[in-house]
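J.: Quick one: the structure is below, questions incoming.
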Amino acid sequence: MPFDYLGVIIVPLLIFCARICDVSIGTIRIIFVSKGYRYLAPLLGFFEVFIWLMAMTKIMQNLDRWYYYLAYCGGFATGNFIGIILEEKIAIGYASIRVISRIPASDLIKQLQDAGHGVTYHSAEGSTGPVEVIYTIIKRTEVQATIALINEFNPKAFFTIEEVKTVNEGIHRYTNYQKNVLFRRGRKGK
């Protein structure tokens with residue numbers, strides 16, 4: 001009896017790949033739902049469920065093949081991992097950065113403003129004495145560059161980064177076709 005390459009290798013591999021795809025799409029879909037992309041999220045949901053149904057149909061037709069279950073579970077785990085990586089690469093939306101510095105922060109404020117970011121700042125009293133507090137909202141794609149800027153200014157500065165769901169008005173860095181626009185309402189997909 002010849003070895004069943006299709007049933008033992010090809011189909012489990014296809015199930016594994018299908019799960020990677022549908023779980024990765026599901027991760028991105030959830031992010032789009034939270035960001036308010038009301039037209040794109042359902043479209044992704046359609047493909048997510050379609051791929052899932054194809055994989056589940058093959059498993060239900062072959063309940064005696066335990067290695068299909070392993071392919072399904074392995075694809076799910078790998079899909080979560082890849083979905084998270086994709087989300088980090090896409091980096092949709094905005095982040096709020098709050099910097100607390102014990103040293104005067106006028107240079108950092110100037111550098112952030114020169115980079116096209118709106119900046120709000122004030123002096124405050126921390127538990128160890130006077131501090132400067134700086135707030136800025138940036139695109140998530142610019143987080144690493146902004147962290148590098150903060151560390152260049154003051155490697156010991158305390159900072160927090162939080163995801164922002166909605167940005168109403170303010171000064172934002174724009175692409176060339178948006179250069180003359182200072183204020184923008186709402187978020188994409190709204």
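Just so you know, all these numbers are worked out from the coordinates, no wet-lab data involved. In this text the structure is predicted, and so the values were computed from the model without any measurement. Here Cβ is always computed from backbone atoms with ideal geometry, including for glycine, and neighbour counts include all displayed protein chains.
J.: So, in Å, what gap is there between the alpha-carbon centers of region 96-119 and region 34-74?
T.: Spelled out, the Cα-based centre of one part sits 45 Å from the other.
J.: On to the next question. So if R0 is 22 Å, what FRET efficiency would residue 127 and residue 159 give, r being the distance between their Cβ atoms, rounded to the nearest 0.05?
T.: FRET efficiency, residue 127 to residue 159: 0.85.
J.: Can you give the Rg/Rh ratio of region 5-46, where Rg is from the C-alpha atoms and Rh is the Kirkwood radius? All intermediate terms of the calculation are to be shown ahead of the outcome.
T.: Values: Rg = 14.1 Å, Rh = 11.4 Å.
Computed over Cα atoms, the ratio is 1.23.
J.: Let me ask something else. For the chain, what number of Lys pairs, 8 or more residues apart or on separate chains, have alpha-carbon atoms under 25 Å from each other?
T.: Count of close lysine pairs: 24.
J.: Given +1 on the Cβ of Lys and Arg, -1 on the Cβ of Asp and Glu, and no further charges, what dipole in debye does the chain carry about its Cα centre, rounded to the nearest 20?
T.: On the way: 21 positive and 15 negative charges, 128 e Å.
In total the dipole reaches around 620 debye.
J.: Stretched out fully, how many nm does the piece from residue 77 to residue 106 gain, at 0.36 nm a residue minus the Cα gap?
T.: Working: separation 29, 0.36 × 29 = 10.44 nm, distance 4.65 nm.
Going from the current span to full extension adds 5.8 nm.
J.: Please report, largest first and rounded to whole Å, the three semi-axes of the ellipsoid equivalent to region 1-135, where each semi-axis is the square root of five times an eigenvalue of the C-alpha gyration tensor. Provide the component values of the computation, followed by the final result.
T.: Details: eigenvalues 519, 54, 26 Å².
Largest first, region 1-135 gives 51, 16, 11 Å.
J.: Does region 30-89 classify as rounded, prolate or oblate by the C-alpha gyration tensor (a ≥ b ≥ c root eigenvalues; a/c under 1.5 gives rounded; else a/b over b/c gives prolate, otherwise oblate)? Mind dumping the intermediate values first?
T.: Numbers: a/c = 4.74, a/b = 1.79, b/c = 2.65.
Oblate, because a/c is 1.5 or more while a/b does not exceed b/c.
J.: Using the 10 angstrom Cβ neighbour count as an exposure proxy, how do 112, 53 rank, fewest first? Before the final figure, lay out each step's value.
T.: Details: 112 23, 53 12.
Lowest count first: 53, 112.
J.: Which order results if 64, 114 are arranged by neighbouring Cβ count within 10 Å, fewest first? Before the final figure, lay out each step's value.
T.: Details: 64 5, 114 8.
Ascending Cβ contact count within 10 Å gives the list 64, 114.
J.: So what is the calculated 222 nm ellipticity per residue for the chain, using -39500 (n - 2.57) for each DSSP H run with n of 4 or more, over all residues, to the nearest 500 deg cm²/dmol?
T.: Numbers: 5 runs with 92 residues, N = 190.
That calculation yields -16500 deg cm²/dmol at 222 nm.
J.: Counting Lys and Arg as +1 and Asp and Glu as -1, each charge on the Cβ, what is the dipole of region 5-90 about the Cα centre in debye, to the nearest 20?
T.: On the way: 7 positive and 5 negative charges, 26 e Å.
In debye, rounded to 20, region 5-90 gives about 120.
J.: Pull out the extension gain between residue 6 and residue 89, defined as 0.36 nm times the separation in residues minus the alpha carbon to alpha carbon distance; nm, one decimal. List each step's numbers first, then the result.
T.: Working: separation 83, 0.36 × 83 = 29.88 nm, distance 3.49 nm.
Taking residue 6 through residue 89 to full extension adds about 26.4 nm, to one decimal.
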